[in-house]
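Heads up: the structure comes next, in structure tokens.
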Amino acid sequence: MTTDNAGYTPFHLAIGSEVLIEIEALKLRIKCALVGFETSRYIIIRLSDRDLVGNFRSEHIKSGQMIVRYLYQGAVYGFRAELLNVVATPARIFFLSYPSKIEEYVMVGRNRFDCVLPAGTMLDNDIVDMVIIDISDEGCQCVIKAGAGKNSVYDHMQVNKVLDIRVQFPGKDGTYRLPGRVRNLSKGEDKITLGVKFEGLAPAASERIKEFIALVSSARK
């Protein structure tokens, strides 16, 4: 669904609403909050102090377009925006162009099942612990704690990064390898949330995921 209007596009967002912005030139997605707007002129987004790897005033940021996405009544909406101005202090603020067109993103055939599966991956020769919080036969969502001593995780975890996730499923001996690629990314104050799409999944791992999903599904009935 697309919404077009001459000078006015309602975008359903209230002050404080969470949005996800994608900086295309940096292949980076970060979670932000809407802190203000003036209809038909601009919207104001506040970033976390720990987000944006590198120079906050990078030319890639100032000259490139961004994609803004948000959740409203169970559907995902999004629009393209240009960066109008950057404020670095006392808070990191983006002034973005007001949307002229808003699109609804339809999620097709993707059943995800909530879970809590301890897992891990290698990052610069170190094992990074994570938790898989939902899973499907196509991918999973993981959370990594990123407190003291784990700042390098913020620097190295980016969209399109290839990960080799290792997980042990309940009732099974040994670990299973879940190779995949980061498709979306949200960096918070103390954690990183990753959406991973599986690539090159071995038949044994694929079969085990299906068995686990069947187990979770039957437990909900």
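The values are calculated or read from the model by the stated rules, or taken from the named source; none is laboratory data. All figures in this text were calculated on a predicted structure; none of them were measured in a lab. All Cβ positions, even for glycine, are placed from backbone atoms using ideal geometry, and neighbour counts span all protein chains on display. Accessible surface areas use protein heavy atoms only, side chains included; no ligands, DNA or RNA. Shrake-Rupley method; radii C 1.70, N 1.55, O 1.52, S 1.80 Å.
Confirm whether D134 is open to solvent by less than 60 Å² (accessible area, probe 1.4 Å), of a type in the set (D, E) and either at pLDDT 75 or above or in a loop (DSSP other than H, G, I, E, B) (or both). Answer is yes for this residue. G54: more than 23 Å from I144 (Cβ to Cβ), modelled with pLDDT under 65, among the small types (G, A, S) and part of a loop (DSSP other than H, G, I, E, B), yes or no? Taking the combined requirement at face value, the residue does not satisfy it.
Taking segment 152-221 as the region of interest, the strands (runs of 3 or more DSSP E) fully inside it that hold 3 or more residues being touching a Phe, Trp or Tyr at 6+ places or on another chain (Cβ under 7 Å), surrounded by 14 or more Cβ atoms within 10 Å (Cβ to Cβ) and modelled with pLDDT of 90 or more are 176-187.
Residues in segment 3-37 that are open to solvent by 70 Å² or more (accessible area, probe 1.4 Å) and part of a strand (DSSP E or B) were compared, and the one that is modelled with the lowest pLDDT is D4. Where strands (runs of 3 or more DSSP E) sit wholly within segment 76-123, those with at least 3 residues that are surrounded by fewer than 17 Cβ atoms within 10 Å (Cβ to Cβ), modelled with pLDDT under 90 and not aliphatic (A, V, I, L, M) occupy 101-105.
Scanning segment 167-214 for residues that are among the hydrophobic types (A, V, I, L, M, F, W, C) and free of Cβ contacts under 8 Å to residues at least 40 places away in the same chain turns up V182, L201, A202, A204, A205, A214.
Can you confirm whether I45 is open to solvent by less than 60 Å² (accessible area, probe 1.4 Å) and modelled with pLDDT under 85? So I45 fails the test.
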